[in-house]
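Heads up, the thing below is written out as structure tokens.
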Amino acid sequence: MKIFISALAALLITACTSHGQERKTNTSGIKEKVIKTDAEWKAELTPMQYNVLREKGTERPWTGELNKEKREGMFYCAGCGNPLFESKTKFESGSGWPSFYTYATDTSLLDLADYKYGMVRTEVICAKCEGHLGHVFEDGPKPTGLRYCINSASMIFKEE
Ligand code: FE
């Protein structure tokens, strides 16, 4: 009986930890978080940026300005200016949202489990201001196999 219980416990632990949430960017390098009040965010951001970044909204597909952005440069967080994605990792996913196969730096993103709408997804937020950016899926291209599906409204592009 004792052996059975330990086996069951081991099985449960494995089941829980293999839930797909192990992939985390390293955030130990983040020195300063950007923390603002809701009123401050509202005053600084456009209504669309506020809806996506602070209320976890989603823009309609094919409506974001940066979906078709093809120049070389960096995509920054529209809330705090944190570098998020490099243009060389952007690809056409056909989803209608800007898509990337990896993030720019170890202090770009944080992954969170998202169980909304009866789905298990991984939400990605800016590691500095914790603004909502989008989700990451495991159906992306090589070399990572990941698809970061990001709201255009959550980013600012600067050509380099
Ligand atoms: Fe940010």
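The values are calculated or read from the model by the stated rules, or taken from the named source; none is laboratory data. Here the structure is a predicted model, which means the values were calculated and not measured. Quick note on the areas: whole protein, heavy atoms, side chains included, nothing else; ligands and nucleic acids left out. Shrake-Rupley method; radii C 1.70, N 1.55, O 1.52, S 1.80 Å.
List of remarks:
- Among residues of the stretch 144-156, those that are open to solvent by 50 Å² or more (accessible area, probe 1.4 Å) and not hydroxyl-bearing (Ser, Thr, Tyr), counted: 1
Residue-wise test of (1) over 15 Å from Glu159 (Cα atoms); (2) more than 16 Å from the chain's Cα centre (by Cα).
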residue: Trp62; (1), (2): yes, yes
residue: Pro83; (1), (2): no, no
residue: Glu92; (1), (2): yes, yes
residue: Pro98; (1), (2): yes, no
residue: Asp106; (1), (2): yes, no
residue: Leu110; (1), (2): yes, no
residue: Arg121; (1), (2): yes, no
residue: Ile125; (1), (2): yes, no
